[in-house]
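Student: Questions regarding the structure given below will be posed in turn.
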Amino acid sequence: MGRLHAEEMVLNMGPQHPSTHGVLRLKLTTDGEIVSHIEPVIGYLHRSFEKHAENLEYQMVTPFTGRCDYLAAMGSEHGYAMAVEKMLGIELPERVEYLRVIFAELQRIASHLVAVGTFGLDVGAITPFIYCFRERELILDLFEMASGARLLYNYIWIGGLAHDVPPGFVEKTYEFLDAFDERVTEYNQILTGNKIFIERAADIGVMTPEVAINYGVTGPSLRASGVNLDIRKTQPYSIYDRFDFDVPLGEGIQGTVGDSWDRYYVRVLEMKESAKIVRQALDQLPVEGDVKSAIPRRIRPPKGEVYFRSENPRGELGYYVVSNGKNVPLRVKMRSPAFSNLSVINEIGQGFMISDVIAILGSLDIVLGEIDR
Amino acid sequence: MIQSLANWILSFDILSGMGQSIAWGISLFVVSALIFAFVAVNAIVLVYIERKVSAFMQVRLGPMRVGKFGTLQTVADALKLLQKEDIIPEKADKPLFVIGPWIILVASVVTFAAIPFSDTLLAANMNIGLFYVVSISSIVVLGIVMAGWASNNKWSLYGAMRSAAQIISYEIPVGITLIAVVAVVGSLNLQTIIQAQAGSSNLFHWIPIPLPNWFIFHSPFLFLASFIYLIGATAEINRTPFDIPESESELVAGFMTEFSGLRWALFFLSEYANATLVAFLVAIVFLGGWQSPFADYKGAQISLLIVTLVSIMWTIFVKTKVGRLSVYPLGLSLLLVVAAWLFPGFAVWLSSPGLFWMLMKVAFIIFLLMWFRWTFPRLRVDQLMYVSWKVILPISIVNLMGVAVWMWLSGEIQF
Amino acid sequence: MIEFVEEETQNPTVVIDASAMASVCTYLKEAEVLQFDSLMNLAGHDPDGESDLSIIYHLHSTVLDHYITLKTFTPRENGVVESVANIYRTADWHERETYDLFGVKFNGHPDLKRILLEEDWEGHPMKKDYTPAEFYRGMRIEKVK
Amino acid sequence: MSYFSNITNAVGTLVEGMKVTMGYFVRPREHVTLQYPDEVWPIPSRNIGVGELDTYNTIRSKLTVDMNDCIGCKACERACPVNCIHIDTYKGTPEDNLQITSNGTQVKLLVANFTIDMSECMFCDLCTPPCPEDCITMTPDYQFISNDNLKTDVTPEERWRDRDLLIYQFSKVSEAERQRRKAEAEEIAKAKAIAMAAKKAAAEKAAAEKATQEASVVETPEIITPEAVAEVEVVETIDIPIETVLPAETTEATETPVVPTQSEAESEKLVESEDSTTKESDNG
């Protein structure tokens, strides 16, 4: 009897694949269905945003930041605007701050809706995805009302906003928030509590807090591992210290702390918390105030550098901006959360099956535009 | 049906000159063509229905452009598929690549030969009909493995291997649940199985709720068996939540990845043929086939009355979104009650067996399959095996024993 | 080797010799009173196209919640910095990115290769004196106006 | 026991999910699909309080310029991050009949060329706020495509021309006039350059060292400020867009705005927008 000869197979997942959330390529070394090594190959969407930024005036960089994380353009713009404002030392009108928080949190809901929906799609549930997108459309309607665009807004400008919100916006946002809670219950019914879904996500891709911090994982993925680190709480920027909200942490309800299900569920809970923040911000929103009053005529930050971090839906979004006193930034480095979040996949994905790698990838919620920049 | 068709042909004076064998051959050809036409049209209709059902469940509209409400959409799609370039990958194993889809299609079409559509409408009245259907339909896996291997694509190979493992695993519980029914009837002939479900009786024969004498209501064990069979059959035809061989988010399209145009259409055709076949089997084995749900004409009126009462209670007490669903059965049953009381002829028609009832039951089962598909996520391959070997198989074996005990206790068999 | 820089940035900035990067980071991570366990950001920076490139590390302690910025300078061509990829795993990709875009080599990196651009791309685009080649594999590279 | 509780739990949660989908199945009227060409998304309109555009909406789509108000300041060109706006201006002469804008500013420059390349535009809306006359605006016209332009066989050449359909020329100046002005400007520039060269030569003579130093400064790659870009580009942009924008035949004076190569096939939308813009310019 000769011994059965078995060897590992290299499987190319992507760059054209339904579940790689863009043009990501994963080189999987597989032993049957078991994956023994994952090597992400990125860069297919590289547009050199940072090189662009070095040739453009400060305000002209804003649309490009939105195009990096295209699912959370408001958050990206907010972070960049705050970084430059910090260099300039601008005091913003109250109304601007409140509106920015409202938009950033609405964007967080929209982005998490995509994350939750596509995670469902990755494990085979198609319908919740459509439901999530239905709610996302309502948020995009609100954005369209305010900025005129549905995906890439260029709405948050350095020192203010492009326009004030139109009349009726506040009422419409309240309307959305009122309906939203019921929708979340619906997702929980159809997906969160579903036994098949739990089987697919629980105990899969467990990320311990040590691994998460060491790999620079941030955002909901880190909090699912039980690390209470939300920049909105630990280092409140903008006016986040005025709102009362909880930071949902992974508790391992269905399995181990830090598994894919926790990462998913933290996002579901965060949507509710964001809705809470939006509601509070709407309640406190000052009626008066010119959103354009603080926009500087010429943006020439003093010589120096700043690293500003904010909590984007995907995690810590950092902007490292260097100025030499001219109207063009010397260097804009975007510390993209998804870039670090993706790098952990080999660590947490080894020893699982091909289907699980898809689930883990979905639970990390990556956006390739931001990874490749 | 073939014999009667041949006899009918020979009954004409002009044609009686031809030999018995020629008439037989002609009718054989006609019947096969009819079955194939049924399968093809069925697929086109079902694809449209599936798209509409999924759309409604997903708050969409579905196809709306081609024809009124998009009714001709799948016809257009089929025409498009026929026109497509026939691509065979360079490194593919060409003969297998070409044969694979056809084997799958043939295996799923041939099974319809034994399926009784009504008391007279069936191609071949085999005394081993059930065995024939179950065994032939598992040839499909051969074609799937061929297609997956021949594509020379790692994704296809994964899909084929998964499919082979899955179909073979689920054959066993499915077979055992069917054996439970066969044990009750004592025959493998599908017509005999249906005829054994005529009339009406109480639920499980002793709870005083008048119900049709279907095997699903025969005993608690067969009630359970019907659901086990439905689950196993869903897995056998590779539909969600057991669609891992072609799970589009993992394996791109599984064993179909490299196929396009007509060959891909064949996969589609056989997929829906299989779904229909499973629905037929559930209807025949557990839901009384072409028997009417109303055992007799008085029974029709009483049953409808009960449905109405239940619906009214439901509407009153369940005030959720789902509770409002009962409006539909309520309205329907009220309509039928009124019609049945006013027109006794209608009641008689309702209680008589026929093709209509068969197709209604099949449609219901297919809708159930679609409902599953558009609600559930997909299992992982090892979980699928777990469900098969550790959940469904033990339950079905216990169930089989339970059926035997039940029959012994109820005096249907004696030792 | 180590010097403090007072600028109007929010974090204390320390300039460190490139060859001491790994040992300094090990110390920062393991010292009881510091515990900088998280590398938030690693950025390369070319100030003007003439002087030395600088690499900036932003560290954060998730336990003690304080921040520090490390800075190191390296020559424009063939600069070598001690890799911190074995201390902070997240530095793995960040260093690859910096290598890719600035051409700075990281000594001791487990798998130093290009990450965003193709393996056979010529030059390191984020340098200020970078000019793209005419062609890449027979495809014309469009010049930015 | 967990074996059985698992099974019951599974069945229970699956039924829970099925209830949701069935709930939507029987209420198909809640659908969210919009049958696009028949039903059109209501574009939110609002007051942004700029001049006549009171009820203008913020939707960001096709850029339009009211040439009667344009003073040729090139603020929009400088503000554009992707360089999709190209403007050529020449010093106005009395025969140009330069008017006063609706804001009351005397136009001093002849805007001979004002093209917007909508295939490059990224709809960031950064060009509209800097405009001192509020003449460049984003319109809600998002339908750039029509069935009439559909071609089955598109050669690479034609594909390029299709892109040209998205380059809009707003200037009312005729092609011939534009060429004449361009030649004139070039002549002046040439004369200037000769003068400069002479000056330079003199300077070189005076201090050879200093001259070499200057040259090296010119060569060093500096951060190109947009102002510098704009200054440099004027020469460049003169020849590039005109050739691609206008076919050789259309040498006659054309109405605003000229959408090139649309003589045969032209979408309704384009006609509408053209009409509306013309009307606006008439009013102004």
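Each reported figure results from applying straightforward, stated rules to the coordinates on display, with no laboratory input. Quick caveat: nothing in here was measured; it's all calculated off a predicted structure. All Cβ positions, glycine included, derive from the backbone under ideal geometry; neighbour counts span all protein chains shown.
Student: Across the residues of A:56-62, average count of Cβ atoms on other protein chains within 10 Å?
Tutor: So the per-residue partner count for this stretch is 4.
Student: Please grab the % of Cα pairs in the stretch B:144-258 that end up more than 20 Å from each other.
Tutor: 54 percent
Student: Oh, and also: Packing-wise, with mean Cβ within 10 Å as the measure, how do B:357-370, B:228-241 rank, highest first?
Tutor: Peptide ranking by packing, descending: B:228-241, B:357-370.
Student: Answer rounded, prolate or oblate for chain B, using the Cα gyration tensor with square roots of eigenvalues a ≥ b ≥ c: rounded when a/c is under 1.5, else prolate when a/b is larger than b/c, else oblate.
Tutor: Rounded is the answer for chain B, as its axis ratio a/c remains below 1.5.
Student: Just need the Rg to Rh number for the stretch A:49-348, please, alpha carbons only, Kirkwood Rh.
Tutor: With Rg and the Kirkwood Rh in hand, the quotient comes to 0.97.
Student: If you average 1/r over every pair of different alpha-carbon atoms in the stretch B:1-83 and take one over that average, what Kirkwood value in Å do you get?
Tutor: Hydrodynamic radius (Kirkwood, Cα only) of the stretch B:1-83 equals 15.6 Å.
Student: Within 10 Å of each Cβ of B:282-292, how many other protein chain Cβ atoms are there on average?
Tutor: Average per residue, whole number: 0.
Student: Relative to the longest principal Cα axis of chain C, at what angle does helix C:91-102 sit, 0 to 90 degrees, rounded to 10?
Tutor: That works out to roughly 40 degrees.
Student: Can I ask one more? Given the pairs A:Lys292/A:Lys333; A:Lys272/A:Lys292; D:Lys91/D:Lys182, which span a C-alpha to C-alpha distance of over 23 angstrom in this model?
Tutor: Result: A:Lys292/A:Lys333; A:Lys272/A:Lys292 exceed 23 Å.
Student: Would you calculate, for chain B, the mean residue ellipticity at 222 nm contributed by helices, counting each DSSP H stretch of 4 or more residues as -39,500 (n - 2.57) and dividing by all residues, to the nearest 500?
Tutor: -21000 deg cm²/dmol
Student: Pick out which of C:Glu122, C:Glu82, C:Glu134 has the largest mean-square fluctuation in a Gaussian network model of chain C, springs linking Cα atoms closer than 10 Å.
Tutor: Looking only at C:Glu122, C:Glu82, C:Glu134, the largest GNM fluctuation is found for C:Glu134.
Student: Once both axes come from the Cα atoms, what is the angle between helix A:127-147 and the longest principal axis of chain A, in degrees from 0 to 90, rounded to 10?
Tutor: Taking the Cα atoms of chain A, the angle to A:127-147 is about 20 degrees.
Student: Once the principal axes of the Cα atoms of chain C are found, what is the range along each, listed largest first in whole angstroms?
Tutor: Its Cα atoms span 56, 31, 23 Å along the three principal axes.
Student: Would the stretch A:183-338 count as rounded, prolate or oblate if I go by the C-alpha gyration tensor, calling it rounded below 1.5 in a/c and otherwise prolate when a/b exceeds b/c, oblate otherwise?
Tutor: Note, shape of the stretch A:183-338 comes out oblate.
Student: Also, quick follow-up: Which FRET efficiency value, to the nearest 0.05, is calculated for D:Thr105 and D:Met196 with the Förster distance at 22 angstrom and r the Cβ-Cβ distance?
Tutor: Once rounded, the FRET efficiency stands at 0.10.
Student: Could I ask something else about it? Could you run the Debye sum over the Cα atoms of the stretch A:134-230, one equal point scatterer each and no solvent, and tell me log10 of I(q)/I(0) at q = 0.11, 0.17, 0.23 Å⁻¹, two decimals?
Tutor: -0.60, -0.98, -1.06
Student: What does DSSP give for the stretch C:2-140 in terms of the percent of beta bridges that are antiparallel, rounded to the nearest 5?
Tutor: 80 percent
Student: Excluding residues fewer than 8 places away in the same chain, name every one of the lysines whose C-alpha is closer than 17 Å to that of C:Lys113.
Tutor: Correct list for C:Lys113: A:Lys27, C:Lys105.
Student: Now for a separate question. Could you go through the stretch D:131-138 in sequence order and give the Karplus-derived ³J(HN,Hα) for each residue, using 6.51 cos²θ - 1.76 cosθ + 1.60 with θ = phi - 60°, rounded to whole Hz, and x for Gly and Pro?
Tutor: 5, x, 9, 6, 9, 9, 9, 9
Student: Which order do peptides A:327-336, B:80-89 fall in by mean Cβ count within 10 Å, highest first?
Tutor: Averaged packing, sorted descending, gives the order A:327-336, B:80-89.
Student: For peptide A:340-347, compute the average count of partner chain beta-carbon atoms within 10 Å of each residue's beta-carbon.
Tutor: Going residue by residue through A:340-347 and averaging, the value is 3.
Student: Where the centre of each part is set by its Cα atoms, how far does the stretch B:210-273 sit from the stretch A:333-355, in angstrom?
Tutor: 35 Å
Student: Quick check: from the Cα gyration tensor, does the stretch A:157-199 come out rounded (a/c under 1.5), prolate or oblate?
Tutor: It is oblate, given that a/c is not under 1.5 and a/b is not larger than b/c.
Student: On to the next question. Which of the peptides B:107-114, A:243-250 is most tightly packed, and how do the rest follow, judged by the mean count of other Cβ atoms within 10 Å per residue?
Tutor: Averaged packing, sorted descending, gives the order B:107-114, A:243-250.
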